[in-house]
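Shown next, in C-alpha cells, is the structure this report addresses.
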Amino acid sequence: MNFSSVFAILICYFLIFNNNIFGQVIISNKEDRKWWKEAIVYQIYPRSFKDSDGDGIGDLKGIISKLDYIKSLGVTAVWLNPIYSSPNDDNGYDVSDYRNIMKDFGTMADFDSLLKGLHERGIKLIMDLVVNHSSDEHEWFKQSRRSRTNPYREYYHWWNAENGKPPYRYSLFDVNGNAWQYDSLTDAYYLHYFSRKQPDLNWENPKVRQEVFDIMKFWADKGIDGFRLDAFQFAAKDTTWPVFPKGFEKKFTLYYAMQGNLHGYLQQMYNDVLSKYNVMSVAEGAGNSFADAHNLVDNDRHELNMAYPFEGVDIASPGGYSLLHFKEVFSRWDSAFQDNGWLSIFLSNHDQARMVSRFGNDSPSYRALSSEMLTTFIMTMRGTPYYYNGDELGMTNIRFTHIEDYKDVQTLNGYQHEKNIGGDLDKFMKLKAFESRDNGRTPFQWNYSRNAGFTSGTPWIKVNSNYKTINEEQEDKDSNSVLNYFRRAVKLRKEHLVLVYGKYELLEKNNPDVYAYTRTGDQEKILVLLNFTAHDAIVGIAADITDAKLLLTNYQYLPKTSKKSITLGPYESVIYQLKN
Ligand code: NOJ
C-alpha cells in the first residue's frame, strides 16, 4: 500500500468518523436541552391571586400561603407580574423604586420567603422587568423634570417647547392618544408610549443602561431565575424624531418596535448581566417579522432566550375566529423556529381576557371541555408553555356592563377618549366585555366562601359571581375537573420530552373543525387531536392508531374510531402515543 492509498483511507475514516460525530452534534443541537425550554411557566397576577391581610389586594404572603397549591399543579416556574414599589397607575407596570416591594404586596422579607419557598419546591421564579419606562414618581423622573440642566434630564426623552410641537407619537393608554405630555415646569414635552404616568426611559443614555443592569444584578444576586422584558421591543427610539405617516398608529409596532440600537443594548445586557447568571430571559412581543424575532433570540445573537409573539392570541375577536387561521399561524411560527431560536406558547395572560371566553366556549355545557381542550393544545406544542393563573380552573370573563366596575387604565382612558370624540359607547362597552384586560384580572376563585376566598375585605375589583360553581376547592375534589385535567396534562408534558423538542407536523390542514398534529422525536411519536367546535367532528387519520396508546383524553369514554377516521365529540381532545 503506497502512501497515497493510506492517505485516502485515512481521509475516508476521518470523513465517516466526523460524519457520525457531526450527526450527533446535529441531534444534540436540535435537542440542545435547557431548563427554560423544558419549563412549564405558571403566571401569577399578584394583585388578584390571594390576599392575606384583608385589604382587598392580593399580596406576597397570600402567594406564600398557596405554595403547596402551586406545587400541586406540577408547574416548574412562576412568572410574577411586577411587585416593585409603584403608585399603581398601571398595576405595577409603573415602577417608582426597582429595588423595593410595593407596599400593597408586602416587604422584601416576604419576597425572600417567597423565593425560598418556591425553590424549596423545585420551582423557579421569573420576574417582570419594566424598563421601557418608569413611573413619573420614580426619583429619576422627579429629578429629570426639575430643570433642563438636571443630571437626570437625559434619563428620559424631552422636547423643548420653543421648537414647536413635537412630531406626533401615538400613546397606547393616553386619553388623547398622544405620547407627548407637556410639562410647564421646564416648558417641554416628555414622551410616554403608555400612560402619562409612565415616561419612557432614554436607552441612548449609557447611565440609564448601567442603572438597569445594576437593578438586574440586584435581583439575580438574590437568586431569581429569569426576567420577562416588558415592552422592551419599544425601548430604543429614533431620536431624530422623524414625522411618521398619517394613520401610522394603526400599525404602530412597525414604527416603534426594533428601532435604533435595540440589539446593541440587548447584547450589552447579555454581556454585562444575563451571561453571568443562570437566568432565562423572555422578550415581550417579537417585533414585526420572523427576522425580527430571530434577531432577538437566535443562539448566536447572544441576546434573549425566547420570544413571546402575539400573532396567535390576536386572532380572537368578538365575532369568533377561524380555526384554519389559528392553525396556519401556529404552524407558521413553529416552522420558522424549528432549527434556531425558541418560542413561548400561550393563549392568555394579564393583558388578555380569559382563554376559555376568547378561544373556547364558556357556556355551562362546554366551559370545562373547551378549557381542557385548549390546555391540551398549550401543553403539547413546541415552545415553553406560559399558563395564566385561573385558566386551570376554567375561569371566565366577567363581562362588566358598567364602566365604574373597570379598574384598568387602558379601558378607563379608552372610554374617556371615546366619550370625548362622541364615539359609540355601547359598542365600546360590548367590545370591552369581550377583550378588556380586567376580564383576566378578577380575583382567583379559591372556594365557596365570600369573595371566593380571595379576601376577607372588599376586593379591589369585583369577583366573578360564578365562583359558586367554578372554584379551586370544588375542582380539587373532583377528579374530572378542569383543574385535575390540567395537572394530568402538565404531568404528561414532563414525562414526554418529545412534547418539548419533537418535530411538529400539522395533519389535515384544511379540516375547519379539528386541529390535528404529531410530535416526533427519536424515540417516540405522539398524535394530538383537538375538536375546536361544539359539535361532533370527524378527522381522517393517516396514521395507524390500532395499536396506539391513549395517553390523555378529556372524555370519560374512548373516542369513536373506525378504520379510517375518528369522530370527536364537542371540544374533545385526545393524545395518542403512536407505534414508532
Ligand atoms: C405590557 C404589560 O404586559 C402591560 O400589562 C403593561 O400595561 C404595558 N406593557 C406597559 O408596561
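Laid out as a table, the results:
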quantity	calculated
Filter result for Phe227 (within 16 Å of the ligand (Cβ to nearest atom), surrounded by 15 or more Cβ atoms within 10 Å (Cβ to Cβ) and in a loop (DSSP other than H, G, I, E, B))	no
All positions within segment 158-188 that are among the hydroxyl-bearing types (Ser, Thr, Tyr) and either within 16 Å of the ligand (Cβ to nearest atom) or closer than 28 Å to Asp128 by Cβ (or both)	Tyr170, Ser171
Some residue of segment 314-322 being under 17 Å from the mean Cα position of the chain (by Cα) and surrounded by fewer than 20 Cβ atoms within 10 Å (Cβ to Cβ)	yes
Test result for Lys222, outside the structural domain of Trp158 (by TED's automatic domain parsing), open to solvent by 40 Å² or more (accessible area, probe 1.4 Å), closer than 21 Å to Trp79 by Cα and modelled with pLDDT of 95 or more	yes
Residues of segment 170-224 classified as in a loop (DSSP other than H, G, I, E, B) and of a type outside the set (Lys, Arg), total	24
Answer from Asp174, Asp187, Asp183 - the residue that is open to solvent by 40 Å² or more (accessible area, probe 1.4 Å), outside the structural domain of Glu249 (by TED's automatic domain parsing) and either closer than 28 Å to Leu254 by Cα or in contact with a helix residue (DSSP H, G or I) (Cβ under 7 Å, 6 or more places away or on another chain) (or both)	Asp187
The listed residue being assigned to a helix (DSSP H, G or I) and touching a strand residue (DSSP E or B) at 6+ places or on another chain (Cβ under 6 Å), out of Leu296, Leu304, Leu266	Leu296
Of the criteria (1) in contact (Cβ under 8 Å) with a residue 24 or more places away in the chain; (2) closer than 27 Å to Asp272 by Cα, which one Tyr190 fails	(2)
Given (1) on the phi < 0 side of the Ramachandran plot; (2) in a loop (DSSP other than H, G, I, E, B), index of the condition Ser371 fails	(2)
Flag if Val208 is of a type in the set (A, V, I, L, M, F, W, C) and either within 16 Å of the ligand (Cβ to nearest atom) or at pLDDT below 95 (or both)	no
Residue within segment 258-278 that is of a type in the set (Lys, Arg) and under 22 Å from Asn202 (Cβ atoms) present	no
Some residue of segment 190-204 being of a type outside the set (D, E, K, R) and open to solvent by 30 Å² or more (accessible area, probe 1.4 Å)	no
Long-range neighbours under 6 Å by Cβ, at least six apart or interchain, first residue over 28 Å from Val463 (Cα atoms) within segment 369-393, second of a type in the set (Ser, Thr, Tyr) and at pLDDT 95 or above	Arg382/Tyr504; Gly383/Ser344; Thr384/Ser344
Contacts under 7 angstrom Cβ, first residue in segment 344-361 being aromatic (Phe, Trp, Tyr), partner assigned to a loop (DSSP other than H, G, I, E, B), 6 or more apart	Phe359/Ala316; Phe359/Leu347
Test: residue in segment 234-255 that is more than 24 Å from Trp158 (Cα to Cα), within 16 Å of the ligand (Cβ to nearest atom) and open to solvent by less than 20 Å² (accessible area, probe 1.4 Å)	no
Odd one out for Asp438 among (1) closer than 19 Å to Pro318 by Cβ; (2) in contact with a Gly (Cβ under 9 Å, 6 or more places away or on another chain); (3) surrounded by 20 or more Cβ atoms within 10 Å (Cβ to Cβ); (4) not β-branched (Val, Ile, Thr)	(2)
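Condition check ((1) open to solvent by less than 10 Å² (accessible area, probe 1.4 Å); (2) outside the structural domain of Asn464 (by TED's automatic domain parsing); (3) not in a helix (DSSP H, G or I); (4) not small (Gly, Ala, Ser)) across all residues:
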{"position": "Asp339", "(1), (2), (3), (4)": "no, no, yes, yes"}
{"position": "Met395", "(1), (2), (3), (4)": "yes, no, yes, yes"}
{"position": "Gly414", "(1), (2), (3), (4)": "no, yes, no, no"}
{"position": "Asp426", "(1), (2), (3), (4)": "no, no, no, yes"}
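Here is a yes/no grid of residues against (1) of a type in the set (A, V, I, L, M, F, W, C); (2) farther than 23 Å from Glu505 by Cα; (3) open to solvent by 10 Å² or more (accessible area, probe 1.4 Å); (4) within 16 Å of the ligand (Cβ to nearest atom):
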site	(1), (2), (3), (4)
Arg354	no, yes, no, yes
Pro364	no, yes, yes, no
Leu374	yes, no, no, no
Pro385	no, no, no, no
Tyr388	no, yes, no, yes
Glu392	no, yes, no, no
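Here is a yes/no grid of residues against (1) open to solvent by 50 Å² or more (accessible area, probe 1.4 Å); (2) of a type in the set (D, E, K, R):
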position	(1), (2)
Thr107	yes, no
Leu115	no, no
Ser135	no, no
Lys142	yes, yes
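Residues checked against (1) closer than 18 Å to Glu38 by Cβ; (2) surrounded by 20 or more Cβ atoms within 10 Å (Cβ to Cβ):
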| site | (1), (2) |
| --- | --- |
| Gly457 | no, no |
| Asp478 | no, no |
| Asn484 | no, no |
| Ala489 | yes, yes |
| Thr520 | yes, no |
| Leu530 | no, yes |
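The values are calculated or read from the model by the stated rules, or taken from the named source; none is laboratory data. The structure displayed is predicted, hence computed values, not measured ones. Because the Cβ atoms are built from the backbone with ideal geometry, glycine has one as well, and the counts that use them run over all protein chains shown. Ligands, DNA and RNA are stripped out before the accessible areas are found, and what is left, the full protein with its side chains, is counted by its heavy atoms. Shrake-Rupley method; radii C 1.70, N 1.55, O 1.52, S 1.80 Å.
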